[in-house]
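Scroll down for the structure; my scribbles are underneath it.
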Amino acid sequence: MNPILINKEKCIGCELCVKDCPSSYLHIENGKAHAGDVGCLECGHCYAICPQGAIRMMNYDCTEEAVVPMTEIPSDTLLAAMKSRRTIRQFTDQAVEPEKIQKMLEAGRYSPTGGNSQNVLFTILGSKQKKAEEICVDLFRKGTDLAERLKAFSDRFNITDNFFFKGAPLVIVVSGRSSVDAGLASSYMEIMAESLGLGVLYSGFFVMCTKISRKLRKLLGIPKGQKVVTCMVIGYPAVKYQRIVPRKPLSSKTL
Ligand SMILES: Cc1cc2nc3c(=O)[nH]c(=O)nc-3n(C[C@H](O)[C@H](O)[C@H](O)COP(=O)(O)O)c2cc1C
């Protein structure tokens, strides 16, 4: 089915949609926009740009949501807030409210994906959180091949029962076909989490376990062809930082 529906009554042939279409899917015919047969990315640029509201996207919920430019957030404030975020490893017992979880997921859903694939899966561990952590703790502690390979880490860290999730109330595993897409989605979610007063730990150790343990992958129900890219451990911070940390000098060059 054609994913784009153009209302010819409303269309004024301004060509804005044609010029902004990334895949040359649209053209002007008899003074009106026309959709081709194949090649639509379903990115919604035509829908978003049309001054007449003449475009509908099939199979999408086309609610009229107003654009809020990022320029509404003062860039100095945004930069200082980005620099102020810290990895959180100490959480309070307070549960994360469902509305806040939804906002984080919505931020992830709206992150860019290559070719607009939107192929990122967000798995809330929920009732399986304890079991998932137990599997990981076992992997790190027991005399498995992995434990040998992880000796450098396990010697440095005390593998407690809550080593992976630090007693946080919420864990969201982000997976996808593309690591870049899933990574970008995670970053969007982290920024939203911070703006909601929440803290995040990316548990790279957990991701490591998903690469090794079939049992863990089965528990998570990750579809074939998808890889676990991040594991976001989320909750209210039990710590407060007083200043922004220093960083190594910027590594950049202009060619
Ligand atoms: C992809 C990724 C994986 C990480 N995995 C872990 C982890 O498994 N355990 C942990 O304690 N910290 C983990 N971290 C946190 C980093 O150690 C942390 O970002 C770094 O120490 C700098 O601190 P900051 O995030 O507060 O600037 C991870 C961070 C990233 C980006």
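Give the calculated FRET efficiency between Gln242 and Met1 to the nearest 0.05, with a Förster radius of 41 Å applied to their Cβ-Cβ distance. Please list the in-between numbers first.
Working: r = 57 Å, r/R0 = 1.38.
The calculated FRET efficiency here is 0.15.
Using 0.36 nm per residue, how much length does the chain from Lys83 to Asn162 gain when fully extended, once their Cα-Cα distance is taken away? List each step's numbers first, then the result.
Values: separation 79, 0.36 × 79 = 28.44 nm, distance 2.77 nm.
So the extension gain works out to 25.7 nm.
Of the chain, which part is the longest with no chymotrypsin sites (Phe, Trp or Tyr not before Pro) in a loop (DSSP not H, G, I, E, B) and with at most 16 other C-beta atoms within 10 angstrom?
Numbers: sites that count: Tyr60, Tyr110, Phe157, Tyr241.
Longest stretch, sites excluded: 158-240.
Would you list which lysines come within 16 Å of Lys19, measuring only between C-alpha atoms, while excluding same-chain residues fewer than 8 positions from it?
Of all the lysines, those that pass the test against Lys19 - Cα under 16 Å, at least 8 places apart if same chain - are Lys32.
Label-point separation (nm) for Arg141 and Thr92, each offset 7 Å from Cα along Cα-to-Cβ?
3.0 nm
Compute the relative contact order of the chain as a whole-number percentage, counting only Cα pairs closer than 8 Å that sit 6 or more residues apart in sequence.
Working: 359 pairs, mean separation 52.6, N = 255.
Relative CO of the chain lands at 21 percent.
Å³ per residue of the Cα convex hull, for the chain? Don't skip to the answer; put the middle values down first.
Working: hull volume 50.3 nm³, N = 255.
Dividing the Cα hull volume of the chain by its residues yields 197 Å³.
Using 17 Å as the cut-off for backbone N distance, which residues of region 111-139 belong to the label zone defined by a point 7 Å from the Cα of Gln226 along Cα→Cβ?
Output list for this probe position: 111-114, 116-129.
I want to verify the translational diffusion coefficient of region 1-83 in µm²/s; compute it with Stokes-Einstein, Rh as the Kirkwood radius over Cα pairs, at 37 °C and 0.692 mPa s. Each step should come with its number before you reach the end.
On the way: Rh = 14.3 Å.
Here the translational diffusion coefficient equals 229 µm²/s.
Residues with amide H under 5 Å of Thr230's amide H, sequence separation 5 or more or different chain, H placed in the peptide plane at 1.01 Å from N; which?
Residues meeting the criterion, in which the H sits 1.01 Å from N, are Val174.
Excluding the sites themselves, what is the longest stretch of the chain that contains no GluC sites (Glu not before Pro) in a DSSP loop with at most 11 other C-beta atoms within 10 Å?
Numbers: sites that count: Glu9, Glu64, Glu65.
Maximal segment without exposed cleavage sites: 66-255.
Only sites in a loop by DSSP and with at most 10 other Cβ atoms within 10 Å count here; which trypsin sites (Lys or Arg not before Pro) in region 164-255 make the cut? Intermediate results must be reported in sequence, preceding the final value.
On the way: sites: Lys166, Arg177, Lys211, Arg214, Lys215, Arg217, Lys218, Lys224, Lys227, Lys240, Arg243, Arg247, Lys253; in loops: Lys166, Arg177, Lys224, Lys240, Arg243, Arg247, Lys253.
When the trypsin sites (Lys or Arg not before Pro) of region 164-255 are filtered for loop state and at most 10 Cβ neighbours within 10 Å, Lys224, Lys240, Arg243, Arg247, Lys253 remain.
Find the cysteines in the chain that fail to meet the 4.7 Å Cβ criterion with every other cysteine, and list them.
Isolated Cys, the chain: Cys11, Cys14, Cys21, Cys40, Cys43, Cys50, Cys62, Cys231.
Report the antiparallel proportion of the DSSP beta bridges in the chain as a percent, rounded to a multiple of 5. It would help to have the intermediate numbers written out before the result.
Details: 24 of 25 bridges.
Percentage antiparallel, nearest 5: 95.
Give me the one-decimal nm value for the distance between modelled label points at Ile12 and Asp155, 7 Å along each residue's Cα-to-Cβ direction.
So the two model labels end up 7.2 nm from each other.
Given a cut-off of under 8 Å on Cα pairs at least six residues apart, what relative contact order in percent is computed for region 1-69? Let's see the in-between values first.
Details: 96 pairs, mean separation 26.1, N = 69.
It rounds to 38 percent for region 1-69.
Check cross-link reach from Lys103 to the lysines: straight Cα distance under 29 Å, and skip same-chain residues fewer than eight apart.
Answer for Lys103, where 29 Å is the Cα cut-off: Lys83, Lys128, Lys130, Lys131, Lys166, Lys211, Lys218, Lys224, Lys227, Lys240, listed by chain and number.
For Ala48 and Ser251 in one chain, what is 0.36 nm times their gap in residues minus the Cα-Cα distance, to one decimal in nm? Provide the component values of the computation, followed by the final result.
Values: separation 203, 0.36 × 203 = 73.08 nm, distance 3.67 nm.
Contour length minus Cα-Cα distance gives 69.4 nm.
Is there a quick way to get the dipole size of the chain? I mean about its Cα centre, with the Cβ of Lys and Arg at +1 and of Asp and Glu at -1; what is the value in debye to the nearest 20?
Values: 34 positive and 25 negative charges, 282 e Å.
With Lys and Arg at +1 and Asp and Glu at -1, about 1360 debye.
Since every read-out is calculated from the coordinates, none of them should be taken as a lab result. If you're wondering where the values come from, they're calculated on a predicted model, not measured in any experiment. Counting neighbours? That spans all protein chains shown, and the Cβs are built from the backbone with ideal geometry, glycine included.
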